[in-house]
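For reference, the structure discussed in these notes is given below.
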Amino acid sequence: MSAPLRLGIAGLGTVGLGVLRIIRQHAALLAARSGHEIVISAVSARDRAKDRGVPLDRYAWEDDPVALATRDDVDVFVELIGGDEGPAKQAVEAALAAGKDVVTANKALLAIHGQALAEQAEGAGRVLRYEAAVAGGIPVIKSLTEGLAGNEITRVMGVMNGSCNYILTRMESAGLSYEEVFAEADGLGYLEADPQLDVGGIDAAHKLAILASLAFGTKVNFDGITLEGIDRVSIDDIHAAADMGYKIKLLGVAQKTGRGLEQRMQPCLVPDTSPLGQLEGGTNMVVLDGDAVGQIVLRGPGAGEGPTASAVMADVCDIAKGWRGPVFGLPADSLTTANPARAELPAPYYLRMSLEDKPGALAKIATVLGDAGVSIDRMRQYGHDDTSAPVLIVTHKTTPDALNAALAAMETTSVLSGAPVALRIEAV
(Lines give C-alpha, C1' and ligand atoms only; values in the text may rest on other atoms or scores of the structure.)
Protein backbone atom coordinates (compact mmCIF):
# COMPACT_ATOMS: atom_id res chain seq x y z
CA MET A 1 0.00 0.00 0.00
CA SER A 2 1.13 3.55 -0.71
CA ALA A 3 2.28 6.00 1.94
CA PRO A 4 -0.33 7.19 4.44
CA LEU A 5 -2.39 10.28 3.72
CA ARG A 6 -1.85 12.61 6.69
CA LEU A 7 -4.59 14.96 7.87
CA GLY A 8 -4.55 18.09 9.98
CA ILE A 9 -7.99 18.82 11.41
CA ALA A 10 -8.88 22.33 12.56
CA GLY A 11 -12.09 22.48 14.58
CA LEU A 12 -13.16 19.78 17.03
CA GLY A 13 -16.85 20.52 17.32
CA THR A 14 -19.59 18.12 16.31
CA VAL A 15 -18.30 17.50 12.79
CA GLY A 16 -14.62 17.37 13.72
CA LEU A 17 -15.25 14.72 16.34
CA GLY A 18 -17.38 12.82 13.83
CA VAL A 19 -14.42 12.73 11.44
CA LEU A 20 -12.15 11.43 14.21
CA ARG A 21 -14.64 8.66 15.02
CA ILE A 22 -15.00 7.56 11.39
CA ILE A 23 -11.24 7.35 10.95
CA ARG A 24 -10.88 5.32 14.14
CA GLN A 25 -13.82 3.00 13.49
CA HIS A 26 -13.31 2.41 9.77
CA ALA A 27 -9.53 2.61 9.31
CA ALA A 28 -9.28 -0.67 7.39
CA LEU A 29 -12.30 0.09 5.21
CA LEU A 30 -10.99 3.56 4.35
CA ALA A 31 -7.59 2.14 3.44
CA ALA A 32 -9.12 -0.54 1.24
CA ARG A 33 -11.34 1.95 -0.58
CA SER A 34 -8.79 4.72 -1.03
CA GLY A 35 -5.54 2.80 -1.44
CA HIS A 36 -3.94 4.70 1.45
CA GLU A 37 -3.97 4.47 5.20
CA ILE A 38 -5.65 7.68 6.37
CA VAL A 39 -4.12 9.06 9.55
CA ILE A 40 -4.40 12.21 11.62
CA SER A 41 -1.12 13.98 12.30
CA ALA A 42 -2.34 16.98 14.29
CA VAL A 43 -5.44 18.84 15.43
CA SER A 44 -6.40 22.32 16.52
CA ALA A 45 -9.29 23.88 18.43
CA ARG A 46 -9.97 26.86 20.67
CA ASP A 47 -9.86 25.04 24.02
CA ARG A 48 -7.25 22.35 24.49
CA ALA A 49 -8.44 21.44 27.98
CA LYS A 50 -12.06 20.74 27.03
CA ASP A 51 -13.24 17.16 27.55
CA ARG A 52 -14.64 16.11 24.17
CA GLY A 53 -15.23 12.46 25.00
CA VAL A 54 -12.57 11.39 22.48
CA PRO A 55 -8.90 10.92 23.50
CA LEU A 56 -6.63 13.30 21.59
CA ASP A 57 -3.28 12.34 23.11
CA ARG A 58 -2.15 10.45 20.01
CA TYR A 59 -2.26 13.62 17.87
CA ALA A 60 -0.01 16.65 17.90
CA TRP A 61 -1.77 19.84 19.03
CA GLU A 62 -1.58 23.31 17.50
CA ASP A 63 -3.23 26.28 19.16
CA ASP A 64 -3.06 28.21 15.89
CA PRO A 65 -4.91 26.68 12.90
CA VAL A 66 -2.57 28.50 10.51
CA ALA A 67 0.38 26.69 12.11
CA LEU A 68 -1.52 23.43 11.72
CA ALA A 69 -2.22 24.17 8.05
CA THR A 70 1.47 24.57 7.26
CA ARG A 71 2.95 21.60 9.18
CA ASP A 72 5.32 19.39 7.23
CA ASP A 73 3.50 16.24 8.37
CA VAL A 74 0.10 17.37 6.99
CA ASP A 75 -0.90 16.49 3.41
CA VAL A 76 -4.57 17.53 3.63
CA PHE A 77 -5.84 20.37 5.77
CA VAL A 78 -9.41 19.79 6.99
CA GLU A 79 -11.09 23.07 7.94
CA LEU A 80 -14.09 22.65 10.26
CA ILE A 81 -13.89 26.00 12.09
CA GLY A 82 -16.60 27.90 10.21
CA GLY A 83 -17.09 31.54 9.36
CA ASP A 84 -16.23 33.49 6.24
CA GLU A 85 -13.38 35.50 7.81
CA GLY A 86 -10.78 35.15 10.55
CA PRO A 87 -8.94 31.90 11.36
CA ALA A 88 -10.86 29.75 8.88
CA LYS A 89 -10.03 31.91 5.87
CA GLN A 90 -6.46 32.54 7.00
CA ALA A 91 -5.78 28.85 7.59
CA VAL A 92 -7.24 27.71 4.24
CA GLU A 93 -5.21 30.33 2.37
CA ALA A 94 -2.09 29.32 4.30
CA ALA A 95 -2.63 25.62 3.55
CA LEU A 96 -3.00 26.23 -0.18
CA ALA A 97 0.06 28.49 -0.19
CA ALA A 98 2.04 25.75 1.57
CA GLY A 99 1.09 23.19 -1.08
CA LYS A 100 -1.59 21.35 0.89
CA ASP A 101 -4.90 20.08 -0.43
CA VAL A 102 -7.93 21.31 1.53
CA VAL A 103 -11.26 19.81 2.57
CA THR A 104 -13.79 22.12 4.17
CA ALA A 105 -17.38 22.11 5.39
CA ASN A 106 -17.48 25.92 5.39
CA LYS A 107 -20.33 27.13 3.16
CA ALA A 108 -20.02 30.77 4.22
CA LEU A 109 -16.33 30.86 3.28
CA LEU A 110 -17.02 29.46 -0.18
CA ALA A 111 -20.11 31.58 -0.81
CA ILE A 112 -18.20 34.78 -0.05
CA HIS A 113 -14.62 33.96 -1.12
CA GLY A 114 -15.08 30.93 -3.36
CA GLN A 115 -13.77 32.52 -6.56
CA ALA A 116 -10.57 33.81 -4.97
CA LEU A 117 -9.92 30.50 -3.20
CA ALA A 118 -10.58 28.54 -6.39
CA GLU A 119 -8.09 30.69 -8.28
CA GLN A 120 -5.50 30.23 -5.53
CA ALA A 121 -6.01 26.46 -5.34
CA GLU A 122 -5.90 25.89 -9.08
CA GLY A 123 -2.97 28.25 -9.53
CA ALA A 124 -1.02 26.21 -6.99
CA GLY A 125 -2.12 22.88 -8.47
CA ARG A 126 -3.97 21.98 -5.28
CA VAL A 127 -7.43 20.54 -4.59
CA LEU A 128 -10.18 22.27 -2.63
CA ARG A 129 -13.12 19.95 -1.82
CA TYR A 130 -16.33 20.84 0.03
CA GLU A 131 -19.04 18.16 -0.24
CA ALA A 132 -19.88 18.72 3.43
CA ALA A 133 -20.59 22.41 2.88
CA VAL A 134 -23.93 21.81 1.14
CA ALA A 135 -26.78 19.61 2.38
CA GLY A 136 -24.79 17.55 4.88
CA GLY A 137 -24.68 13.91 3.89
CA ILE A 138 -26.38 14.35 0.50
CA PRO A 139 -23.77 13.97 -2.29
CA VAL A 140 -25.08 16.90 -4.31
CA ILE A 141 -21.65 18.37 -5.17
CA LYS A 142 -20.49 15.06 -6.61
CA SER A 143 -23.80 14.68 -8.44
CA LEU A 144 -23.37 18.02 -10.22
CA THR A 145 -19.67 17.68 -11.04
CA GLU A 146 -19.58 13.98 -11.89
CA GLY A 147 -22.90 12.14 -12.11
CA LEU A 148 -24.58 14.83 -14.22
CA ALA A 149 -21.53 15.96 -16.16
CA GLY A 150 -23.28 15.10 -19.44
CA ASN A 151 -26.19 17.42 -18.74
CA GLU A 152 -26.94 21.07 -19.19
CA ILE A 153 -28.51 21.93 -15.84
CA THR A 154 -31.64 24.03 -16.25
CA ARG A 155 -32.69 24.49 -12.62
CA VAL A 156 -31.47 23.82 -9.09
CA MET A 157 -34.09 23.88 -6.36
CA GLY A 158 -34.35 22.66 -2.83
CA VAL A 159 -34.92 22.84 0.90
CA MET A 160 -31.43 23.41 2.26
CA ASN A 161 -31.91 24.34 5.90
CA GLY A 162 -33.26 21.64 8.18
CA SER A 163 -33.97 24.02 11.05
CA CYS A 164 -36.36 26.07 8.93
CA ASN A 165 -38.06 22.97 7.61
CA TYR A 166 -38.44 21.70 11.16
CA ILE A 167 -40.06 24.97 12.24
CA LEU A 168 -42.52 25.07 9.34
CA THR A 169 -43.56 21.42 9.61
CA ARG A 170 -43.79 21.61 13.39
CA MET A 171 -46.03 24.69 13.15
CA GLU A 172 -48.43 22.74 10.95
CA SER A 173 -48.42 19.45 12.87
CA ALA A 174 -48.78 21.06 16.32
CA GLY A 175 -50.84 24.11 15.34
CA LEU A 176 -48.31 26.39 17.03
CA SER A 177 -47.26 29.93 16.13
CA TYR A 178 -43.91 30.78 14.59
CA GLU A 179 -42.78 32.38 17.86
CA GLU A 180 -43.64 29.26 19.88
CA VAL A 181 -41.83 26.85 17.55
CA PHE A 182 -38.85 29.19 17.19
CA ALA A 183 -38.41 29.13 20.99
CA GLU A 184 -38.78 25.36 21.00
CA ALA A 185 -36.18 24.88 18.24
CA ASP A 186 -33.78 27.24 19.97
CA GLY A 187 -34.17 25.37 23.23
CA LEU A 188 -33.44 22.06 21.49
CA GLY A 189 -30.23 23.48 20.01
CA TYR A 190 -31.48 23.33 16.42
CA LEU A 191 -30.57 26.95 15.64
CA GLU A 192 -27.21 28.63 15.10
CA ALA A 193 -25.79 30.89 17.81
CA ASP A 194 -27.09 33.68 15.58
CA PRO A 195 -30.55 32.29 14.69
CA GLN A 196 -30.91 34.75 11.82
CA LEU A 197 -28.43 32.62 9.86
CA ASP A 198 -31.13 29.93 9.85
CA VAL A 199 -34.52 31.65 9.92
CA GLY A 200 -33.31 34.59 7.84
CA GLY A 201 -32.35 32.21 5.03
CA ILE A 202 -28.66 33.18 5.07
CA ASP A 203 -27.30 29.67 5.73
CA ALA A 204 -29.42 28.19 2.94
CA ALA A 205 -28.50 31.04 0.58
CA HIS A 206 -24.79 30.30 1.08
CA LYS A 207 -25.49 26.77 -0.14
CA LEU A 208 -27.57 27.97 -3.08
CA ALA A 209 -24.77 30.28 -4.23
CA ILE A 210 -22.35 27.35 -4.33
CA LEU A 211 -24.78 25.09 -6.22
CA ALA A 212 -25.57 27.82 -8.75
CA SER A 213 -21.88 28.24 -9.56
CA LEU A 214 -21.47 24.50 -10.12
CA ALA A 215 -24.68 24.17 -12.14
CA PHE A 216 -24.23 27.15 -14.46
CA GLY A 217 -20.49 27.74 -14.71
CA THR A 218 -20.63 31.14 -13.05
CA LYS A 219 -18.62 32.84 -10.34
CA VAL A 220 -20.13 32.43 -6.90
CA ASN A 221 -22.35 35.45 -6.23
CA PHE A 222 -24.00 35.37 -2.83
CA ASP A 223 -24.94 39.06 -3.13
CA GLY A 224 -27.01 38.25 -6.22
CA ILE A 225 -29.51 36.17 -4.24
CA THR A 226 -32.97 37.55 -3.49
CA LEU A 227 -33.27 36.68 0.18
CA GLU A 228 -36.27 36.40 2.49
CA GLY A 229 -36.55 34.36 5.67
CA ILE A 230 -39.48 32.57 7.29
CA ASP A 231 -40.16 34.93 10.19
CA ARG A 232 -43.23 36.45 8.46
CA VAL A 233 -44.91 33.06 7.84
CA SER A 234 -47.85 32.71 10.19
CA ILE A 235 -49.81 29.69 11.34
CA ASP A 236 -52.75 31.19 9.40
CA ASP A 237 -50.69 30.99 6.19
CA ILE A 238 -49.76 27.39 6.89
CA HIS A 239 -53.38 26.39 7.56
CA ALA A 240 -54.70 28.29 4.54
CA ALA A 241 -52.06 26.83 2.24
CA ALA A 242 -52.84 23.32 3.46
CA ASP A 243 -56.53 23.96 2.84
CA MET A 244 -55.69 24.68 -0.80
CA GLY A 245 -53.40 21.64 -1.22
CA TYR A 246 -49.99 23.25 -0.60
CA LYS A 247 -47.12 23.27 1.89
CA ILE A 248 -44.93 26.27 2.70
CA LYS A 249 -41.18 25.71 2.42
CA LEU A 250 -38.11 27.93 2.56
CA LEU A 251 -37.15 27.18 -1.02
CA GLY A 252 -33.94 27.96 -2.87
CA VAL A 253 -34.18 28.27 -6.65
CA ALA A 254 -31.44 29.02 -9.19
CA GLN A 255 -31.98 29.07 -12.94
CA LYS A 256 -30.63 30.81 -16.02
CA THR A 257 -33.06 33.13 -17.81
CA GLY A 258 -32.79 35.47 -20.77
CA ARG A 259 -32.07 38.29 -18.32
CA GLY A 260 -29.32 36.53 -16.38
CA LEU A 261 -28.96 34.22 -13.39
CA GLU A 262 -31.99 34.11 -11.12
CA GLN A 263 -31.15 33.11 -7.53
CA ARG A 264 -33.70 33.36 -4.75
CA MET A 265 -34.19 31.98 -1.28
CA GLN A 266 -37.70 32.67 -0.01
CA PRO A 267 -40.82 31.04 1.43
CA CYS A 268 -42.80 29.44 -1.40
CA LEU A 269 -45.77 27.14 -1.74
CA VAL A 270 -45.28 23.70 -3.28
CA PRO A 271 -47.94 21.02 -3.96
CA ASP A 272 -48.43 18.87 -0.88
CA THR A 273 -48.17 15.72 -3.02
CA SER A 274 -44.75 16.67 -4.43
CA PRO A 275 -41.47 15.32 -2.98
CA LEU A 276 -40.74 18.76 -1.51
CA GLY A 277 -44.25 19.02 -0.11
CA GLN A 278 -43.85 15.71 1.71
CA LEU A 279 -40.49 16.63 3.23
CA GLU A 280 -40.77 16.63 7.02
CA GLY A 281 -38.62 17.69 9.96
CA GLY A 282 -34.96 18.57 9.59
CA THR A 283 -34.36 16.68 6.35
CA ASN A 284 -32.90 18.40 3.27
CA MET A 285 -33.86 17.88 -0.37
CA VAL A 286 -32.24 19.10 -3.57
CA VAL A 287 -34.00 18.83 -6.94
CA LEU A 288 -31.84 19.00 -10.08
CA ASP A 289 -33.22 19.42 -13.60
CA GLY A 290 -30.97 18.37 -16.49
CA ASP A 291 -31.68 18.36 -20.21
CA ALA A 292 -30.70 14.70 -20.64
CA VAL A 293 -31.60 13.12 -17.30
CA GLY A 294 -34.78 15.07 -16.61
CA GLN A 295 -35.41 15.65 -12.92
CA ILE A 296 -33.65 13.89 -10.06
CA VAL A 297 -34.39 14.27 -6.36
CA LEU A 298 -31.73 13.94 -3.66
CA ARG A 299 -33.02 13.59 -0.10
CA GLY A 300 -31.23 13.06 3.19
CA PRO A 301 -29.91 14.51 6.44
CA GLY A 302 -28.62 18.03 5.93
CA ALA A 303 -26.61 18.38 9.13
CA GLY A 304 -25.37 16.51 12.18
CA GLU A 305 -22.21 14.73 13.20
CA GLY A 306 -22.47 11.55 11.17
CA PRO A 307 -23.86 12.89 7.86
CA THR A 308 -21.50 15.87 7.64
CA ALA A 309 -18.45 13.89 8.73
CA SER A 310 -19.38 11.28 6.13
CA ALA A 311 -19.25 13.97 3.44
CA VAL A 312 -15.87 15.20 4.71
CA MET A 313 -14.44 11.70 4.49
CA ALA A 314 -15.81 11.22 0.97
CA ASP A 315 -13.66 14.17 -0.11
CA VAL A 316 -10.64 12.88 1.80
CA CYS A 317 -10.96 9.50 0.09
CA ASP A 318 -11.23 11.13 -3.34
CA ILE A 319 -8.00 13.01 -2.70
CA ALA A 320 -6.35 9.80 -1.50
CA LYS A 321 -7.39 8.11 -4.76
CA GLY A 322 -5.75 10.89 -6.76
CA TRP A 323 -8.77 13.01 -7.71
CA ARG A 324 -7.67 16.33 -9.16
CA GLY A 325 -10.09 18.80 -10.65
CA PRO A 326 -11.29 22.38 -10.70
CA VAL A 327 -13.00 23.66 -7.59
CA PHE A 328 -16.32 24.60 -9.20
CA GLY A 329 -16.41 22.02 -11.97
CA LEU A 330 -14.82 24.29 -14.60
CA PRO A 331 -11.47 26.07 -14.42
CA ALA A 332 -11.79 29.12 -12.18
CA ASP A 333 -10.53 31.47 -14.89
CA SER A 334 -13.31 30.30 -17.23
CA LEU A 335 -16.21 30.95 -14.84
CA THR A 336 -18.39 33.79 -16.08
CA THR A 337 -19.82 36.72 -14.16
CA ALA A 338 -23.57 36.27 -14.31
CA ASN A 339 -25.93 39.19 -14.47
CA PRO A 340 -28.23 38.91 -11.42
CA ALA A 341 -31.86 38.59 -12.51
CA ARG A 342 -35.09 38.92 -10.61
CA ALA A 343 -37.75 36.22 -10.83
CA GLU A 344 -39.32 37.15 -14.16
CA LEU A 345 -40.87 33.85 -15.17
CA PRO A 346 -44.64 33.87 -14.59
CA ALA A 347 -45.94 31.79 -11.71
CA PRO A 348 -49.16 31.45 -9.72
CA TYR A 349 -49.27 33.20 -6.35
CA TYR A 350 -50.98 32.66 -3.05
CA LEU A 351 -52.59 35.77 -1.54
CA ARG A 352 -54.05 36.01 1.94
CA MET A 353 -55.71 39.16 3.14
CA SER A 354 -58.25 40.37 5.64
CA LEU A 355 -60.96 42.62 4.25
CA GLU A 356 -63.03 45.07 6.22
CA ASP A 357 -66.66 44.06 6.55
CA LYS A 358 -67.95 46.52 3.94
CA PRO A 359 -70.30 45.98 0.97
CA GLY A 360 -68.36 45.45 -2.24
CA ALA A 361 -64.98 44.95 -0.55
CA LEU A 362 -64.22 41.68 -2.32
CA ALA A 363 -65.38 43.11 -5.65
CA LYS A 364 -62.89 45.97 -5.29
CA ILE A 365 -60.03 43.51 -4.76
CA ALA A 366 -61.09 41.45 -7.78
CA THR A 367 -61.22 44.62 -9.89
CA VAL A 368 -57.74 45.70 -8.77
CA LEU A 369 -56.33 42.30 -9.67
CA GLY A 370 -58.05 42.35 -13.07
CA ASP A 371 -56.84 45.86 -13.86
CA ALA A 372 -53.26 44.71 -13.17
CA GLY A 373 -53.69 41.71 -15.47
CA VAL A 374 -53.79 39.17 -12.63
CA SER A 375 -56.54 36.58 -13.01
CA ILE A 376 -58.00 34.55 -10.16
CA ASP A 377 -57.81 30.75 -10.26
CA ARG A 378 -59.39 29.96 -6.90
CA MET A 379 -60.77 32.02 -4.06
CA ARG A 380 -62.11 31.23 -0.62
CA GLN A 381 -63.68 33.45 1.98
CA TYR A 382 -63.70 32.25 5.55
CA GLY A 383 -65.90 33.07 8.50
CA HIS A 384 -65.53 36.66 9.66
CA ASP A 385 -65.81 38.61 12.87
CA ASP A 386 -67.60 41.90 13.36
CA THR A 387 -64.98 43.95 11.53
CA SER A 388 -63.08 41.83 9.00
CA ALA A 389 -63.24 38.74 6.80
CA PRO A 390 -60.26 36.52 5.85
CA VAL A 391 -59.92 35.89 2.09
CA LEU A 392 -57.60 33.47 0.30
CA ILE A 393 -56.82 33.78 -3.41
CA VAL A 394 -54.70 31.61 -5.71
CA THR A 395 -53.93 33.38 -8.97
CA HIS A 396 -53.21 32.02 -12.41
CA LYS A 397 -49.64 32.50 -13.60
CA THR A 398 -48.59 36.12 -13.48
CA THR A 399 -45.40 38.15 -13.40
CA PRO A 400 -43.94 39.63 -10.20
CA ASP A 401 -44.33 43.12 -11.70
CA ALA A 402 -48.05 42.62 -12.32
CA LEU A 403 -48.57 41.20 -8.85
CA ASN A 404 -46.66 44.03 -7.18
CA ALA A 405 -48.72 46.56 -9.13
CA ALA A 406 -51.90 44.89 -7.89
CA LEU A 407 -50.68 44.83 -4.28
CA ALA A 408 -49.80 48.52 -4.45
CA ALA A 409 -53.22 49.36 -5.88
CA MET A 410 -54.93 47.38 -3.11
CA GLU A 411 -53.53 49.83 -0.57
CA THR A 412 -55.70 52.56 -2.13
CA THR A 413 -58.99 50.64 -1.89
CA SER A 414 -59.63 51.34 1.82
CA VAL A 415 -60.97 47.81 2.26
CA LEU A 416 -57.86 46.05 3.60
CA SER A 417 -57.56 45.28 7.28
CA GLY A 418 -53.79 44.84 7.50
CA ALA A 419 -51.17 44.14 4.84
CA PRO A 420 -51.80 41.23 2.46
CA VAL A 421 -49.45 38.22 2.32
CA ALA A 422 -48.18 37.10 -1.10
CA LEU A 423 -46.14 33.91 -1.66
CA ARG A 424 -45.01 32.41 -4.96
CA ILE A 425 -46.24 28.91 -5.87
CA GLU A 426 -43.35 26.95 -7.35
CA ALA A 427 -43.81 24.21 -9.94
CA VAL A 428 -42.15 20.97 -8.89
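The values are calculated or read from the model by the stated rules, or taken from the named source; none is laboratory data. Note that the structure is predicted; figures quoted are calculated from it, not measured. Counting neighbours? That spans all protein chains shown, and the Cβs are built from the backbone with ideal geometry, glycine included. Only protein heavy atoms, including side chains, enter the accessible area calculation; ligands, DNA and RNA are left aside. Shrake-Rupley method; radii C 1.70, N 1.55, O 1.52, S 1.80 Å.
Assorted remarks:
- Set of lysines with alpha-carbon distance to Lys321 below 22 Å, sequence-local pairs under 8 removed: Lys100, Lys142
- The simple spin-label model puts a point 7 Å past each Cα toward its Cβ; for Gln295 and Ala49 those points are separated by 5.6 nm.
- Helix content alone sets the calculated 222 nm mean residue ellipticity of the chain: runs of n ≥ 4 DSSP H residues at -39500 (n - 2.57) each, divided across all residues, give -10000 deg cm²/dmol.
- Accessible area (Å², per residue) of the stretch 95-186, counting only protein heavy atoms and a probe of 1.4 Å: 31
- Accessible area of the stretch 387-428 divided out per residue, in Å², using a probe of 1.4 angstrom: 40
- Angle between the chain longest axis and helix 400-410 axis [Cα atoms, degrees, rounded to 10]: 40
- Computed from Cα positions, the angle between helix 202-216 and the longest principal axis of the chain comes to roughly 80 degrees.
- Share of carbon and sulfur in the accessible heavy-atom surface of the chain [1.4 Å probe, %]: 49
- For the stretch 166-321, the Kirkwood radius over C-alpha pairs fed into Stokes-Einstein at 20 °C and 1.002 mPa s yields D = 125 µm² per second.
- One Cα centroid belongs to the stretch 153-181, the other to the stretch 34-89; the line between them spans 34 Å.
- In the full protein context, the stretch 231-356 carries 38 Å² of accessible surface per residue, based on a 1.4 Å probe and ignoring ligands, DNA and RNA.
- Highest-first packing order for the peptide set 24-32, 299-307 is 299-307, 24-32, based on the mean count of other beta carbon atoms within 10 Å.
- Highest-first packing order for the peptide set 410-417, 345-352 is 345-352, 410-417, based on the mean count of other beta carbon atoms within 10 Å.
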